[in-house]
Amino acid sequence: MEREPDWAEVDGYLVSTLVGEDPVLDAALAANSEAGLPPIDVAPNQGKLLNLLARMCLARNVLEIGTLGGYSTIWLARAVGPSGQVITLEFDPTHADVARANIEGAGLADRVDIRVGAALDSLPSIAKEELGPFDLVFIDADKENNTEYVRWALALSHPGTVIIVDNVVRGGHVSNPDIDDERVKASRAVLEMIAAEPKLDGTAIQTVGSKGWDGFAVAVVNE
């Protein structure tokens, strides 16, 4: 009898075929688990997608909002190359310490700047220090502030900047305007904000896989 396909099994096949083994990234995930960090890192094939998108837009200056243990940061830091920079913002000092060790273990500490504290406090400092404009912004932090994060991403951008917002589908609940969940409401708000903002052109893709049913939005800053 033919088996029903399984999302995680398909992800396993895609990762083994197109991503392959990576001891550095495996070690980072193991360190995150040992430190008790929540297992909410992007999947390996999603990490590689971030890397490819950064390379496609020739990103050299990247902003990441939400570091966790640095797994996605490593993918982005590899993409920007030795002359590039990733500034990554993390609220939790323990998470930031784990990320710092993982990034050092990956040999990428010289191209990553970890800022600890609430992102909405760090972003004005980044603007004041004139560290932008950024070529790519990856937003994967507290979902309730996504709209503000996109506004800041736009303020720190140039024409052609790519902005990615993770986890916007919320198990399919994003299509339900009546659901009483702040993260779902925030996902609807950020998608509607992208649609209404004349300086942005964006879309969203729903995904299934080892991380369940979710998706991401991607937008580009218009000329």
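The values are calculated or read from the model by the stated rules, or taken from the named source; none is laboratory data. The structure presented is a predicted model; accordingly, all values stated were derived computationally and were not measured. Methodologically, a virtual Cβ is constructed for each residue, glycine included, from the backbone with ideal geometry; neighbour enumeration extends over all protein chains shown. In case anyone asks, the SASA skips ligands and DNA or RNA and just uses the protein heavy atoms, side chains included. Shrake-Rupley method; radii C 1.70, N 1.55, O 1.52, S 1.80 Å.
Within region 1-43, the residues that satisfy the criterion of being over 18 Å from the mean Cα position of the chain (by Cα), among the β-branched types (Val, Ile, Thr) and open to solvent by 60 Å² or more (accessible area, probe 1.4 Å) are Val10, Thr17. Taken over region 79-91, residues that are acidic (Asp, Glu) and out of contact with any Ser or Thr (no Cβ under 9 Å at 6 or more places or on another chain) amount to 0. Looking only at residues of region 79-95 that are over 21 Å from Gly132 (Cβ atoms) and assigned to a helix (DSSP H, G or I), we find that the one that is least open to solvent (accessible area, probe 1.4 Å) is His95. Residues in region 155-162 include at least one that is surrounded by 18 or more Cβ atoms within 10 Å (Cβ to Cβ), at negative phi, at pLDDT 95 or above and more than 16 Å from the chain's Cα centre (by Cα). Among the conditions (1) free of Cβ contacts under 8 Å to residues at least 24 places away in the same chain; (2) within 26 Å of Val15 (Cβ to Cβ), the only one that Ile179 does not satisfy is (2).
Yes or no: Leu63 buried (at least 22 other Cβ atoms within 10 Å of the Cβ), in contact (Cβ under 8 Å) with a residue 12 or more places away in the chain and of a type in the set (A, V, I, L, M, F, W, C)? Lay out the reasoning, then the answer.
Numbers: buried (at least 22 other Cβ atoms within 10 Å of the Cβ): yes; in contact (Cβ under 8 Å) with a residue 12 or more places away in the chain: yes; of a type in the set (A, V, I, L, M, F, W, C): yes.
Yes; evaluated as a whole, the condition is true for this residue.
Residues in region 1-52 that are at pLDDT below 95, among the charged types (D, E, K, R) and assigned to a loop (DSSP other than H, G, I, E, B): Glu2, Arg3, Glu4, Asp6, Glu21.
Condition check ((1) at pLDDT below 95; (2) open to solvent by less than 80 Å² (accessible area, probe 1.4 Å); (3) in contact with a helix residue (DSSP H, G or I) (Cβ under 9 Å, 6 or more places away or on another chain); (4) within 28 Å of Pro44 (Cβ to Cβ)) across all residues:
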{"site": "Val169", "(1), (2), (3), (4)": "no, yes, yes, yes"}
{"site": "Lys185", "(1), (2), (3), (4)": "no, no, yes, no"}
{"site": "Pro198", "(1), (2), (3), (4)": "no, no, no, no"}
{"site": "Asp201", "(1), (2), (3), (4)": "no, no, yes, no"}
{"site": "Ala204", "(1), (2), (3), (4)": "no, yes, yes, yes"}
{"site": "Lys211", "(1), (2), (3), (4)": "yes, no, yes, yes"}
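In region 39-57, the residues that are in contact (Cβ under 8 Å) with a residue 24 or more places away in the chain and within 15 Å of Thr17 (Cβ to Cβ) form Cβ pairs under 6 Å with partners that are part of a loop (DSSP other than H, G, I, E, B) and open to solvent by 10 Å² or more (accessible area, probe 1.4 Å), at six or more places apart or across chains, as follows: Ala43/Ser210; Ala43/Lys211. Condition (residue is open to solvent by 30 Å² or more (accessible area, probe 1.4 Å), polar (S, T, N, Q) and without any contact (Cβ under 8 Å) to a residue 60 or more places away in the chain) applied to region 114-131: is it met by at least one residue? Yes: region 114-131 contains one or more residues that are open to solvent by 30 Å² or more (accessible area, probe 1.4 Å), polar (S, T, N, Q) and without any contact (Cβ under 8 Å) to a residue 60 or more places away in the chain.
Residue by residue, here is whether (1) aliphatic (A, V, I, L, M); (2) touching a Gly at 6+ places or on another chain (Cβ under 9 Å) holds:
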site: Ala8; (1), (2): yes, yes
site: Thr17; (1), (2): no, no
site: Leu29; (1), (2): yes, yes
site: Pro38; (1), (2): no, no
site: Gln46; (1), (2): no, yes
site: Asn51; (1), (2): no, no
site: Arg60; (1), (2): no, yes
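Among the residues of region 53-78, those that are closer than 22 Å to Asn145 by Cα and either part of a strand (DSSP E or B) or in contact with a Ser or Thr (Cβ under 7 Å, 6 or more places away or on another chain) (or both) comprise Val62, Leu63, Glu64, Ile65, Thr67, Thr73.
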